[in-house]
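Values quoted throughout were computed directly from the atomic coordinates according to the rules given, and no laboratory measurement underlies them. Note that the coordinates shown come from a computational prediction; the quantities given were computed from them, not determined experimentally. Neighbour counts run over all protein chains shown; Cβ positions are idealised from the backbone, glycine included.
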Amino acid sequence: MKIRIVFLIALIVLFFSNPLYCGQDRLKGTIAYSRLTDGYWQIWVKDLTVNSERQLTFSKIDKKNPVWPENGKWLIYRTNNGEFFLIDKQGLNEKKILAKLGYLADPNWLSDKQLLFVRFRSDLKDDSDIWTANLEDEGKVKVLNDEIGLQYNPDISKDGKKIVYVSGHKPEEHEIWVMDFEGKNRQKLTENTYYDICPRWSPDGKVIVFASNRTGNYEIWMMNSDGSQQKRLTNMGGFNTTPVWSADGEKIAFGSNKNGSLGIWIMDKNGKNLTQLTKGGQCCDPAWHF
């Protein structure tokens, strides 16, 4: 009995000494992510408050890009063959959506009933556009920007007025653009001969975090909403991408292979206090919900 008590105390000390789970900076919410599990990418969720995780999906098909709606009721993800699925936070009531639209990617929520996503054209190679859809009436779909080339990685600002996305018209020239919700008033925010990808608005709409390989490796960068003051946040080497914000805008979660395998990391918004959240296996595509 004495040994058990000592062991329990040791576990408690270990838990609360972890910088992720102690003090005023203790993490909150749930992070969904993709984990390579028994040969397939599956959706997992990690409760940051109690530091527990569980597998949400089990079918034998790769699943990526989980995204929470604001109410946290449903999680959307895409499969490797371009299909979208909804699943509730208990891992039940899984269902396919927008099945008639062909190959889809980059799901994102506009509201609890509307989606923002990328649809690839079947008649042209390497051509995609940004669309919206109403889940209550899947016939209500709309293309926002019918352009030549690839348009992808869209994200809606908190006030619902602007969409940031990536546009690629030439190899190795994939830039970040912003447009209003109706697909008008397009403005280029980055301009170079590299890949600037995965842009995400901060909760206050003042800055955008993104990934770029402009220094050789993919690192996490930040810029003002007008494209000014672009600065690198990480210098980890390897592959660092898919950044997402905490609800208060103070922290950023992202995927990195810094330690040899893909994992989810968290850092302060200034790039400091880097901490690995997942260890062991391959994990990517974090989605943070509070």
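Overview of results
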| quantity | calculated |
| --- | --- |
| Under Karplus coefficients 6.51, -1.76 and 1.60, residue-wise ³J(HN,Hα) of the range 67-76 in Hz, glycine/proline x | 9, 8, x, 4, 7, x, 6, 10, 10, 10 |
| Spin-label model distance (nm) - Asp126 vs Lys272, 7 Å beyond Cα toward Cβ | 4.3 nm |
| Per-residue ³J(HN,Hα) for the range 165-176, Karplus 6.51 cos²θ - 1.76 cosθ + 1.60, θ = phi - 60°, Hz, x for Gly and Pro | 7, 10, 10, x, 10, 9, x, 6, 9, 10, 10, 8 |
| Amide H within-cut-off set for Thr57, under 5 Å, with H built and near neighbours excluded | Ile43 |
| Under 11 Å, Cβ to Cβ, from Asn71 - net charge with Lys/Arg +1 and Asp/Glu -1 | +1 |
| Helix 2-17 axis, angle to the chain major axis (alpha carbon atoms, nearest 10°) | 30 degrees |
| Partners for Lys188 among lysines (Cα-Cα distance below 19 Å; same-chain residues under 8 apart left out) | Lys161, Lys162, Lys170, Lys206, Lys231 |
| Net charge, His174 excluded, C-beta distance under 12 Å - Lys, Arg +1, Asp, Glu -1 | -3 |
| Rel. contact order, % - alpha carbon contacts under 8 angstrom, at least six apart, the chain | 11 percent |
| Ranked list, fewest to most other Cβ atoms within 10 Å of each Cβ, for Lys73, Lys258 | Lys73, Lys258 |
| In order through the range 129-145: 3J(HN,Hα) via Karplus (6.51 cos²θ - 1.76 cosθ + 1.60), integer Hz, x for Gly, Pro | 9, 9, 10, 10, 8, 9, 6, 7, 8, 5, x, 8, 10, 8, 8, 8, 8 |
| Dipole in debye (nearest 20) - the range 24-289, about Cα centre, beta carbon charges: Lys, Arg +1; Asp, Glu -1 | 560 debye |
| The range 95-142 and the range 181-197: distance between their alpha carbon centers, rounded to Å | 20 Å |
| Burial ordering of His289, His169, His174, fewest other beta-carbon atoms within 10 Å first | His169, His289, His174 |
| Burial ordering of Glu173, Glu182, fewest other beta-carbon atoms within 10 Å first | Glu182, Glu173 |
| Summed residue charge, Cβ within 12 Å of Arg35's Cβ, Lys/Arg positive, Asp/Glu negative | +1 |
| Cut-off under 5 Å, modelled amide H: who pairs with Tyr103 long-range | Phe120 |
